[in-house]
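In what follows, a single structure is set out as structure tokens and then discussed.
The values are calculated or read from the model by the stated rules, or taken from the named source; none is laboratory data. Worth saying up front: this structure is predicted, and the values here are computed from it rather than measured. Cβ atoms come from the backbone with ideal geometry, glycine included; neighbour counts cover every protein chain shown.
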Amino acid sequence: MKNRTPMIWNITNKCLYSCSFCCLGANSSREDISLEDKLKIVKNLDSDTIEIDVSGGDPLIDLENLKILKSLSKKFGRENISITSTGKGLEKVGLTELGNYISEVGFTYDFPREPSPNRPLGYNEYNLKLAREVSKKGIETMAQIPLMRSNIDSTIIKEIFLNLNEAEISKILLMRFSESGRGISKANLSLSQNEINNALKIYKNLEFNHKHPKIESAPSVKGILIGRALTSLNITNQGLLLSNPWSYNLEGKPEKYCILGDLTKNKLSELAGANIYQRFFTQLRRNILK
């Protein structure tokens with residue numbers, strides 16, 4: 001089996017929600033590149049060793065992005081394509097058709113009650129409602145949970161886990177809160193490593209007792225949870241290739257140090273070198289040192 005380089009394509013910065021700590025600064029008024037330029041990016045991804053999560057913003061807000069999913073699936077195989085969306089996006093598409101193009105649907109679920117202290121009203125509840133429908137279609141589902149000050153109490157963790165268990169969600173990805181985009185102004189939500197370790201222990205105990213969802217082991221360096229996104233290459237909504245998906249400023253623009261080039265104009269191999277997998281790990285080491 002080939003080693004695969006993970007990529008996150010933030011194909012849009014549009015979202016019907018405007019969360020106070022969005023790592024991209026997404027909102028409903030963002031402008032993206034054209035469908036023609038998105039298809040150029042697919043063509044310029046000249047490697048057969050990558051796997052791609054199409055994310056945002058919310059990639060299903062604009063239904064033309066289904067054409068991109070179809071194109072990616074045809075080129076790299078459905079098993080190497082996933083999507084991260086919201087309930088508002090998922091309700092706009094036929095889930096059976098979506099399942100033809102992707103192997104997994106990711107969604108955020110980081111608080112079990114309404115209102116959530118850090119999200120718009122109904123955000124978590126509606127995400128889980130649509131994820132439940134996705135699961136009923138036999139599609140793998142992953143709840144992405146940024147660990148932060150508001151959701152590490154043991155009672156809250158148990159509610160989150162049992163709600164996901166009842167909805168037949170396949171996996172949980174636990175992530176370190178990212179001070180990126182609007183999250184830069186929410187540093188008070190960040191946790192110490194000891195607090196993160198304690199939350200991980202509670203989740204693992206719940207997994208042991210209830211069997212599912214499975215807790216995905218997030219990558220770590222010297223024991224520090226860093227989250228899957230940091231260990232992925234990234235494509236922005238403007239087609240830029242980045243070495244670090246969480247290096248966005250308050251305006252939602254990527255930091256210059258992580259920009260490798262423009263995939264609407266150049267092939268992946270031209271920007272990252274012939275050995276994409278090796279370049280990925282070189283960039284990962286640099287990210288961790290930032």
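Is there any pair with a first residue in the stretch 149-171 that is over 14 Å from GLU125 (Cα atoms) and among the polar types (S, T, N, Q) and a second that is at pLDDT below 95 and in a helix (DSSP H, G or I) whose Cβ atoms are under 6 Å apart and which are 6 or more apart or on different chains, and what are they?
Pairs that qualify, where the first residue is over 14 Å from GLU125 (Cα atoms) and among the polar types (S, T, N, Q) and the partner is at pLDDT below 95 and in a helix (DSSP H, G or I): there are none.
Specify which of the listed residues (LEU98, LEU63, LEU69) is within 16 Å of LEU35 (Cβ to Cβ), out of contact with any Cys (no Cβ under 6 Å at 6 or more places or on another chain) and buried (at least 19 other Cβ atoms within 10 Å of the Cβ).
LEU69
For the stretch 243-270, enumerate the residues that are assigned to a strand (DSSP E or B) and within 20 Å of ILE41 (Cα to Cα).
Hits for the stretch 243-270 are PRO254, ILE259, LEU260, GLY261, ASP262.
How about the stretch 1-44: which of its residues are exposed (fewer than 14 other Cβ atoms within 10 Å of the Cβ), of a type in the set (Lys, Arg) and not in a loop (DSSP other than H, G, I, E, B)?
Within the stretch 1-44, just LYS43 meets the criteria.
Per-residue answers, yes or no, for (1) more than 23 Å from GLY138 (Cβ to Cβ); (2) touching a residue at least 24 places away in the same chain (Cβ under 8 Å):
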position	(1), (2)
ASP32	yes, yes
LEU35	yes, yes
SER47	yes, yes
SER73	no, yes
GLY77	no, no
GLY94	no, no
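Would you pick out the residues in the stretch 45-68 that are outside any loop (DSSP other than H, G, I, E, B), at pLDDT 95 or above, under 19 Å from PRO245 (Cα atoms) and of a type outside the set (D, E, K, R)?
ILE52, VAL54, SER55
Would you call SER170 modelled with pLDDT of 95 or more and in contact with an Asp or Glu (Cβ under 8 Å, 6 or more places away or on another chain)?
yes
So if I check each of PHE107, PHE161, PHE111, which one is of a type in the set (Phe, Trp, Tyr) and assigned to a loop (DSSP other than H, G, I, E, B)?
PHE111
For the stretch 101-118: of the residues being without any contact (Cβ under 8 Å) to a residue 60 or more places away in the chain and polar (S, T, N, Q), which is surrounded by the most Cβ atoms within 10 Å (Cβ to Cβ)?
Of everything passing the filter in the stretch 101-118, THR108 is surrounded by the most Cβ atoms within 10 Å (Cβ to Cβ).
In the stretch 173-208, what count of residues is obtained for those that are within 24 Å of ASN163 (Cβ to Cβ) and assigned to a loop (DSSP other than H, G, I, E, B)?
The number of residues fulfilling the criteria is 3.
From the list SER135, SER116, which one is over 15 Å from the mean Cα position of the chain (by Cα) and part of a helix (DSSP H, G or I)?
The match here is SER135.
Just need a number here: residues in the stretch 119-149 that are closer than 22 Å to PHE21 by Cα and surrounded by fewer than 18 Cβ atoms within 10 Å (Cβ to Cβ).
Summing the residues that are closer than 22 Å to PHE21 by Cα and surrounded by fewer than 18 Cβ atoms within 10 Å (Cβ to Cβ) in the stretch 119-149 gives 4.
For the list (1) buried (at least 17 other Cβ atoms within 10 Å of the Cβ); (2) farther than 21 Å from SER170 by Cα; (3) free of Cβ contacts under 8 Å to residues at least 40 places away in the same chain, I need the number of the one condition that ILE81 fails.
(2)
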